[in-house]
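The values are calculated or read from the model by the stated rules, or taken from the named source; none is laboratory data. Since this is a predicted model, take the numbers as computed values, not measurements. Cβ placement follows ideal geometry from the backbone for every residue including glycine, while neighbour counts extend to all protein chains displayed.
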Amino acid sequence: MSRKNKKAPWEEEEEIIWVSKSEMKRDMDALQKLGEELVALTPNGLAKIPLDEELLSSIKDAQRFKNEARRRQLQYIGKVMRSIDIEPIQAALDKLNNKHSQQTVALKKLEQKRDRLIENGDSMINAIMVDHPEADRQHLRQLVRQANKEKAQSKPPKAYREIFQYLKELYLEN
């Protein structure tokens, strides 16, 4: 009786995970898409992402290339990315993209605050003064009056925009 395929009870069996060819291709395409996102970034954006030297230089090369050379370079970037851990890169890229979304949300909130300020007047000005005591109450009142006057006379909304800029300085640049 041969013991060819039998293992001793104390030996652990390794679990082999089989990956289909299609799955490997999908993974490579995902890496290439990530590479395209990196190539589309500005130099300031690239500086915020943890990249090794080889990957960084190949991304900079891809930014210079056009047409077929660019396509081949993107494939090369995908190949380079197969051998490194992409999770920190993906996390930094997500954070960079989310920063834009957070800024958009903040601006929308300021627009809503401006609209409430024009509608409610003094009560909203008092709420702003509680949050920002350094704000100029008289200037805000004057802008609100001008905005209401422009709205009533169907004039261009100059004061309306000035209120937004003033609120933006108060809330976002602090």
Handout entry: Options Arg70, Arg116: the member that is part of a helix (DSSP H, G or I), modelled with pLDDT of 85 or more, among the basic types (Lys, Arg) and more than 29 Å from Leu167 (Cα to Cα)
Key = Arg70
Completion exercise
So, first residue hydroxyl-bearing (Ser, Thr, Tyr) in region 44-68, second residue assigned to a helix (DSSP H, G or I), Cβ within less than 9 Å, six or more apart or across chains; the pairs are Ser58/Gly35; Ser58/Gln73; Ser58/Tyr76; Ser58/Ile77; Ser58/Val80
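Aliphatic (A, V, I, L, M), in contact (Cβ under 8 Å) with a residue 60 or more places away in the chain and in contact with a Leu (Cβ under 9 Å, 6 or more places away or on another chain) - does that describe any residue in region 108-117? Give the steps one after another, and end with the answer.
As a first pass, look at region 108-117 and keep what is aliphatic (A, V, I, L, M): 110, 117.
This time we only want the ones that are in contact (Cβ under 8 Å) with a residue 60 or more places away in the chain, so: 110.
Cutting the leftovers down to in contact with a Leu (Cβ under 9 Å, 6 or more places away or on another chain) gives us 110.
Yes, region 108-117 has at least one match.
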Problem - Positions within region 68-84 being within 19 Å of Met24 (Cα to Cα) and of a type in the set (S, T, N, Q), in sequence order - result: Gln75, Ser83
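Kindly evaluate Ser101 against the criterion of being in a helix (DSSP H, G or I), without any contact (Cβ under 8 Å) to a residue 60 or more places away in the chain and loosely packed, with under 14 Cβ neighbours inside 10 Å.
Numbers: in a helix (DSSP H, G or I): yes; without any contact (Cβ under 8 Å) to a residue 60 or more places away in the chain: yes; loosely packed, with under 14 Cβ neighbours inside 10 Å: yes.
For Ser101, the condition - in a helix (DSSP H, G or I), without any contact (Cβ under 8 Å) to a residue 60 or more places away in the chain and loosely packed, with under 14 Cβ neighbours inside 10 Å - is met.
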Exercise for the section: Take region 157-174 and flag every residue that is touching an Asp or Glu at 6+ places or on another chain (Cβ under 7 Å) and not in a helix (DSSP H, G or I). Expected result: Pro157
Exercise for the section: Being part of a helix (DSSP H, G or I) and farther than 17 Å from Tyr76 by Cβ is the filter here, so list the residues in region 25-45 that pass it. Expected result: Arg26, Pro43, Asn44, Gly45
Exercise for the section: Restrict the check to region 107-121 and report whether at least one residue is surrounded by 10 or more Cβ atoms within 10 Å (Cβ to Cβ) and either hydroxyl-bearing (Ser, Thr, Tyr) or outside the structural domain of Pro157 (by TED's automatic domain parsing) (or both). Expected result: no
Practice task
Would you check if Ala135 is surrounded by 15 or more Cβ atoms within 10 Å (Cβ to Cβ) and assigned to a loop (DSSP other than H, G, I, E, B)?
Solution key: yes
Exercise for the section: Would you check which residues across region 49-105 are assigned by TED's automatic domain parsing to the domain that holds Arg26 and in contact with a Lys or Arg (Cβ under 7 Å, 6 or more places away or on another chain) and list them? Expected result: Ala62
Problem - Some residue of region 3-12 being among the basic types (Lys, Arg), at pLDDT 80 or above, loosely packed, with under 14 Cβ neighbours inside 10 Å and not assigned by TED's automatic domain parsing to the domain that holds Lys168 - result: no
